[in-house]
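Only one structure is covered here, and it is reproduced in the block below.
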Amino acid sequence: MTIDNNTRALEQDIVTDFSSRMTYGTYLDLDTLLSAQHPRTRPEHHDELLFIIQHQTTELWLKLVLHETRAARAAFDADDIGMALKCVARVKHIQKTLTEQWSVLATMTPTEYAQFRHVLGNASGFQSYQYRAVEFILGNKNAAILPVFASDPVAHEELDALLHEPSLYDAFWRHLSRIGLDVPSSILNRDVTKAHVLDPALLPLAKSIYQAPHEHWAVYEAFEELVDLEENFQLWRFRHMRTVLRTIGMKSGTGGSSGVGFLQRALGLTFFPELFAVRTETI
């Protein structure tokens, strides 16, 4: 196809009069979105905008992760495993995007970050309530984090609600129980305000699914989708830790944590331990 003068002509039906029509910018509220970056350095440091947008876009993706994970949990509650896995599949793609985003932030050198890090004060990603909400809804709950959000009633209320609600993993096992699988009572009646920990009583059921996948194909597929979900989360955590290491080394975090050491210990946290432990069994 040849384009004259390297200029593409507008098609006749393309709308150009928006005096009484909604525009792209209006629908997306771009005036608000694009005016939400407020660098604190004076004069403004070139790389502070990168730092702000990196974290703001992460929060937007986390909002969608929560939206989809809540929908997946509701689908399990409704015994609609197909819809639940559709939502989980979307979350997995979002996770890949989130992990790749670290490469953008990693273009900022230690020297560049040090030139404006002081303006953050004690602001830290540790205080991301949406990140904590994702951890909670996936099953890694920790009530000790709630005081961090005491000054933010909306965030505190959301986290407290998720703390007391069944996680996605709880909803999944309850779904399996309702369709007739032998889910142990220790799982069905567990204290949902606590982090899910490995329950060996679940391993026989998980093992039986892996030994005869065609008898319960949807469950078998769900096992693997959830494993993907946790693995993606751990890759994000690892990339986060490595980006922090290359940027500030072993310095303490702005929020008061030990920094890289604290992030390394997060790699030991798990959401769906039985789905990994069963791999050690003879399948």
Filter the stretch 215-265 for residues that are aromatic (Phe, Trp, Tyr) and within 21 Å of the chain's Cα centre (by Cα); the one that is farthest from Arg279 (Cα to Cα) is Phe262
Selection from the stretch 230-260 of residues open to solvent by less than 30 Å² (accessible area, probe 1.4 Å), touching a Ser or Thr at 6+ places or on another chain (Cβ under 9 Å) and over 20 Å from Phe51 (Cβ atoms) yields Glu230, Asn232
Quiz prompt | Check on Glu231, without any contact (Cβ under 8 Å) to a residue 40 or more places away in the chain, in a helix (DSSP H, G or I) and not hydroxyl-bearing (Ser, Thr, Tyr) | solution = yes
Is there a residue in the stretch 94-108 that is without any contact (Cβ under 8 Å) to a residue 24 or more places away in the chain and of a type in the set (A, V, I, L, M, F, W, C)? no
Expected output for the stretch 13-34 (first residue farther than 30 Å from His55 by Cβ, partner open to solvent by 80 Å² or more (accessible area, probe 1.4 Å) and part of a helix (DSSP H, G or I), Cβ below 9 Å, 6+ apart or cross-chain) is Phe18/Thr26
Restricting the stretch 42-81 to residues that are of a type in the set (Ser, Thr, Tyr) and buried (at least 16 other Cβ atoms within 10 Å of the Cβ), the one farthest from Asp29 (Cα to Cα) turns out to be Thr69
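The values are calculated or read from the model by the stated rules, or taken from the named source; none is laboratory data. The shown structure was predicted, so the numbers you read here are calculated from the model rather than taken from an experiment. Glycine gets a Cβ as well: all are built from the backbone with ideal geometry, and neighbour counts include every protein chain shown. Calculation scope for accessible area: heavy atoms of the full protein, side chains included, ligands and nucleic acids excluded. Shrake-Rupley method; radii C 1.70, N 1.55, O 1.52, S 1.80 Å.
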